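The values are calculated or read from the model by the stated rules, or taken from the named source; none is laboratory data. Quantities reported herein were computed from a predicted structural model and do not represent experimental measurements. Heads up, the Cβs are rebuilt from the backbone with ideal geometry, glycines too, and the neighbour counts pull from every protein chain shown.
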Amino acid sequence: ASFGFQDVPAGEKAGMVRAVFDSVADNYDVMNDAMSGGIHRVWKSVLLDRLNPQPGQRLIDVAGGTGDIAIAFLKRAAARPLRGRAEASAVICDINHAMMKAGQSRDDARPFANVLTRTCGDAQNLPFPDRSFDVYTIGFGIRNVTDMDAALTEAWRVLKPGGRFTCLEFSRPVTEGFSQVYDAYSFNVIPWLGEMIARDRDSYQYLVESIRRFPPQGAFKLRIEDAGFSRVSYENLSGGIAALHTGWKT
Ligand code: SAM
């Protein structure tokens, strides 16, 4: 069976997303590197460059999975002098327990055991009070959420005034020629890699389809503005294969 969502009622999408990530959790980090040739690490590092994490900041990494972004955030903040500020802290919030559990055994998370927590929760209904965080990140997660606008409104709600929203997501290659090569790669090679490495073609087929359905850079920017964010902008990464959107809660 295919995980294609076009014919699936919205109410069933959440269950299917859960099934996909249950099924990929144990192989997720390996597959991420295999599919992207490790480029997702470069994109995450650009995100961290832009955020410039500081001691005292509190991060929520929504759809944080095994914790790449949250851990890198804490690592960068810890490299800065405290100057009277508290250590930075982070919460990984993911709907899928298996993904977070797979991240618990990461060696690079160990130094942050006292400032890193994991909470099971839905991006559309975050289990945190208003104005709890300085920084919100969502990396390769928002396209899996049933109601993206609800997730954006929740991001706005849990940020403190002055807080920053950032979203890293697959997007649209900016040139036509590149777009064709990319299509050929993603529709053929990725499901095949899924089969070879994880014995799970359907889940990776779903990932490719979900990327195609996600709005392009400009349309997504408008949705972020509609949720209430100011000074929204985006940056294309690797020719638009991914994009980094950012905005502020004023
Ligand atoms: N951010 C991590 C990274 O970049 O490596 C993980 C990305 S992974 C492709 C997508 C994650 O989104 C999965 O861990 C999945 O469980 C989570 N997810 C899907 N729907 C969600 C929702 N409604 N709320 C919170 N997390 C969700």
Query raised in the report: Quick check: is even one residue across the stretch 170-184 within 16 Å of the chain's Cα centre (by Cα) and at pLDDT 90 or above?
Result: yes
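Please specify each residue of the stretch 221-232 satisfying the condition of being touching a strand residue (DSSP E or B) at 6+ places or on another chain (Cβ under 7 Å) and either surrounded by 12 or more Cβ atoms within 10 Å (Cβ to Cβ) or in a helix (DSSP H, G or I) (or both). Before the answer, list the steps.
Taking the stretch 221-232 and keeping what is touching a strand residue (DSSP E or B) at 6+ places or on another chain (Cβ under 7 Å), we get 221, 224-225, 229-232.
Hits for the stretch 221-232 are Lys221, Ile224, Glu225, Phe229, Val232.
Could you run through the stretch 41-63 and say how many residues are part of a helix (DSSP H, G or I) and more than 15 Å from the ligand (Cβ to nearest atom)? Outline the logic, then answer.
Taking the stretch 41-63 and keeping what is part of a helix (DSSP H, G or I), we get 41-51.
Those still in the list that are more than 15 Å from the ligand (Cβ to nearest atom) too: 49-50.
Total meeting the criteria: 2.
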Query raised in the report: Conditions: (1) touching a residue at least 60 places away in the same chain (Cβ under 8 Å); (2) closer than 28 Å to Phe73 by Cα; (3) of a type outside the set (S, T, N, Q). Ala198 meets all but one. Number of the miss?
Result: (2)
Query raised in the report: Does Ser233 satisfy the condition of being modelled with pLDDT under 90 and touching a helix residue (DSSP H, G or I) at 6+ places or on another chain (Cβ under 8 Å)?
Result: no
Report summary line: Checking Ser105, Ser132 in turn, the sole residue that is surrounded by 14 or more Cβ atoms within 10 Å (Cβ to Cβ), more than 19 Å from Asp49 (Cα to Cα) and hydroxyl-bearing (Ser, Thr, Tyr) turns out to be Ser132
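So which of Asn125, Asn96 is out of contact with any strand residue (DSSP E or B) (no Cβ under 7 Å at 6 or more places or on another chain), touching a residue at least 40 places away in the same chain (Cβ under 8 Å) and near the ligand (Cβ under 9 Å from one of its atoms)? Talk me through it step by step, then tell me what you get.
On the way: Asn125 fails: touching a residue at least 40 places away in the same chain (Cβ under 8 Å).
None of the others qualify; the one that does is Asn96.
So, Ala79, is that one under 20 Å from Arg164 (Cβ atoms), among the aliphatic types (A, V, I, L, M) and surrounded by fewer than 21 Cβ atoms within 10 Å (Cβ to Cβ) or not? Step through it out loud before you land on a result.
On the way: under 20 Å from Arg164 (Cβ atoms): yes; among the aliphatic types (A, V, I, L, M): yes; surrounded by fewer than 21 Cβ atoms within 10 Å (Cβ to Cβ): yes.
In short, yes.
Within the stretch 110-129, can you find the residues that are surrounded by fewer than 13 Cβ atoms within 10 Å (Cβ to Cβ) and over 18 Å from Lys13 (Cα atoms)?
So in the stretch 110-129, the residues surrounded by fewer than 13 Cβ atoms within 10 Å (Cβ to Cβ) come out as 110, 113-114, 125, 127, 129.
Within the stretch 110-129, Arg110, Ala113, Asn114, Pro127, Pro129 meet the criteria.
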Query - Scope the stretch 103-147; condition farther than 16 Å from Ile71 by Cα and of a type in the set (Val, Ile, Thr); matching residues - result: Ile142, Val145, Thr146
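Confirm whether Asp149 is closer than 25 Å to Ala242 by Cβ and under 13 Å from the mean Cα position of the chain (by Cα). Spell out the reasoning first.
On the way: closer than 25 Å to Ala242 by Cβ: yes; under 13 Å from the mean Cα position of the chain (by Cα): no.
No: the conditions fail for Asp149.
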Query raised in the report: What number goes with the only condition from (1) more than 8 Å from the ligand (Cβ to nearest atom); (2) in contact with a Phe, Trp or Tyr (Cβ under 7 Å, 6 or more places away or on another chain) that Asp130 does not pass?
Result: (2)
